[in-house]
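Please treat every number below as a calculation from the coordinates, not as lab data. Predicted model, so just to flag it, every value in this text is computed and none were measured. Cβ atoms come from the backbone with ideal geometry, glycine included; neighbour counts cover every protein chain shown.
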Amino acid sequence: MGHILQHAAEYETVRRLAEMLGTTKEKYRATESYALFSTIVCWVMQRARTTTNGNNPADRQAREVGIALQGSRISAEPWSINTVPEMTAFDFFISVRNAVAHGDGRQISPLNENNILVGQIIPVSGIKVRLYRADMQRLGSELAKIFCDTMEAHEREGRLQEEARKIQPIEDAA
């Protein structure tokens, strides 16, 4: 895999998580997809909420991610989530982040079909959103791509656009 340069640690880690999301193992693919998806969501959204008093270059980069997500509707491409009230991608992923990061609230439910775990049910704005493994892979890889692309666009120490381009949307992982 190679080493990670210090200045690229945040988005290189997220890029690798997205790469792993596309290669889940057969036996635990829904669980592994959920683990990687929730890690990407938590990492990206925590950084996207960086306050304006954080003024180092990485904080300024992270705020740009939040701005990009606030300018994207969750019902539009690449997200295409139409089961929740109209909202920004930022608001949607903050809701998902809050649900998965606060496990003590037991808000997440398993999504089973034919006695097989196929995804998770996650509450967003009072709606129970059914996210299948393919949904988690698609949304997680797209969120990681936006994070990496946006962070790279504001990178001062190096050009990592080629690495960010390697994150490809997962079309049909089911």
(request) Please list the non-local residues whose amide H lies under 5 Å from the amide H of V129, H modeled 1.01 Å from N, same-chain partners needing a gap of 5 or more. (result) I122, V124
(message) If neighbour count is taken as other Cβ atoms inside 10 Å, put E142, E77 in order from fewest to most.
(response) E77, E142
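Which loop chymotrypsin sites (Phe, Trp or Tyr not before Pro) in the range 1-81, with loop taken from DSSP, have no more than 13 other Cβ atoms within 10 angstrom of their Cβ?
Y28
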(message) Taking θ = phi - 60°, what integer Hz values does the Karplus form 6.51 cos²θ - 1.76 cosθ + 1.60 yield along the range 39-48, in sequence order, with x for Gly and Pro?
(response) 5, 4, 4, 4, 4, 5, 6, 4, 6, 5
(request) Can you put V14, V44 in order of Cβ neighbours within 10 angstrom, beginning with the fewest? (result) V14, V44
(request) Using the Kirkwood radius over Cα pairs, work out the Stokes-Einstein diffusion coefficient for the range 6-165 at 4 °C and 1.567 mPa s, in µm²/s as a whole number. (result) 81
(message) Test of understanding: what is the full-extension gain from L117 to H154, defined as 0.36 nm times their sequence separation minus their Cα-Cα distance?
(response) 9.3 nm
